[in-house]
Amino acid sequence: AQSVTQPDIHITVSEGASLELRCNYSYGATPYLFWYVQSPGQGLQLLLKYFSGDTLVQGIKGFEAEFKRSQSSFNLRKPSVHWSDAAEYFCAVGPNDYKLSFGAGTTVTVRA
Amino acid sequence: SAVISQKPSRDICQRGTSLTIQCQVDSQVTMMFWYRQQPGQSLTLIATANQGSEATYESGFVIDKFPISRPNLTFSTLTVSNMSPEDSSIYLCSVSSSGRGEQYFGPGTRLTVT
């Protein structure tokens, strides 16, 4: 069965500092991996995705993620956070019969 | 990516009543999904809405409580029936046309049951 673990429930980071969010997955085959962001009161927006090829993928809003098969990880990074990056971030893996499995989410707080 | 709208954006309902949530997509899509997001929680898949056939429900969700319609490739509805305060959640629809699982989400419907 596929599953996703996001070890960090809450991260606080200063504006302008770097950010890394961890994601570990369990999947029986080559995974398709996704990061979504949910700003307060909003739906989920797809930040980036990994299907195959280059293990470092670039997304929107200056985010990137690196797929490491040996570690079963797909960590999300941003070199310099902005106050508008305060949100909930979800890692997802799939598909299993077209369905995705979502992690519990990481809440990011940005302090001035 | 598809543009997805949901109606209503929020509602406050009385216990025992029902609410129908609409999901409209600006293009034809193969798969539509309905999720529930309880306060402070991650997403839980309720069902997959298939055009021209019955929805496929996940464990813990039943058709009598969450009837779903999918009359065409751009529209679906989810009804939350006989509501109780435990049904207070955000309900999100998503769509996918890719076998790789990539999904795009609507803005959600915030439901409060009193």
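Read-outs throughout are calculated quantities, based only on the coordinates presented, and are distinct from any laboratory measurement. The model shown is predicted, which means the values in this text are computed figures rather than measured ones. Virtual Cβ from ideal backbone geometry, glycine too; neighbours counted across all protein chains shown.
Tabulated values for the structure
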{"item": "Within the range A:1-42, considering residues that are touching a Leu at 6+ places or on another chain (Cβ under 6 Å) and not aliphatic (A, V, I, L, M), the one farthest from B:Pro107 (Cα to Cα)", "result": "A:Trp35"}
{"item": "Filter pass, A:Pro31 being surrounded by 13 or more Cβ atoms within 10 Å (Cβ to Cβ) and in contact with a Lys or Arg (Cβ under 7 Å, 6 or more places away or on another chain)", "result": "no"}
{"item": "For A:Thr12: the one exception among (1) within 14 Å of another protein chain (Cβ to nearest Cβ); (2) in contact with a strand residue (DSSP E or B) (Cβ under 6 Å, 6 or more places away or on another chain)", "result": "(1)"}
{"item": "Count of the range A:37-80 residues which are in contact with a Gly (Cβ under 9 Å, 6 or more places away or on another chain) and either within 14 Å of chain B (Cβ to nearest Cβ) or in contact (Cβ under 8 Å) with a residue 60 or more places away in the chain (or both)", "result": "12"}
{"item": "Pairs, first at the interface with chain A (Cβ under 7 Å from one of its Cβ atoms) and free of Cβ contacts under 8 Å to residues at least 24 places away in the same chain in the range B:97-110, second surrounded by 23 or more Cβ atoms within 10 Å (Cβ to Cβ) and among the small types (Gly, Ala, Ser), C-beta under 7 Å, six or more apart", "result": "B:Gly101/A:Gly94"}
{"item": "Every residue from the range A:65-91 that is under 17 Å from A:Gly16 (Cβ atoms) and of a type in the set (Asp, Glu)", "result": "A:Asp85"}
{"item": "Odd one out for B:Trp34 among (1) in contact with a Lys or Arg (Cβ under 7 Å, 6 or more places away or on another chain); (2) within 14 Å of another protein chain (Cβ to nearest Cβ)", "result": "(1)"}
{"item": "Residues of the range B:10-31 that turn out to be surrounded by fewer than 13 Cβ atoms within 10 Å (Cβ to Cβ) and either on the phi < 0 side of the Ramachandran plot or within 14 Å of chain A (Cβ to nearest Cβ) (or both), as a count", "result": "9"}
{"item": "Filter result for the condition that a residue is within 14 Å of the chain's Cα centre (by Cα), under 28 Å from A:Trp35 (Cβ atoms), without any contact (Cβ under 8 Å) to a residue 24 or more places away in the chain and more than 10 Å from chain A (Cβ to nearest Cβ), over B:Ala55, B:Ala49", "result": "B:Ala55"}
{"item": "Residue check, B:Ser94 within 14 Å of chain A (Cβ to nearest Cβ) and in contact (Cβ under 8 Å) with a residue 24 or more places away in the chain", "result": "yes"}
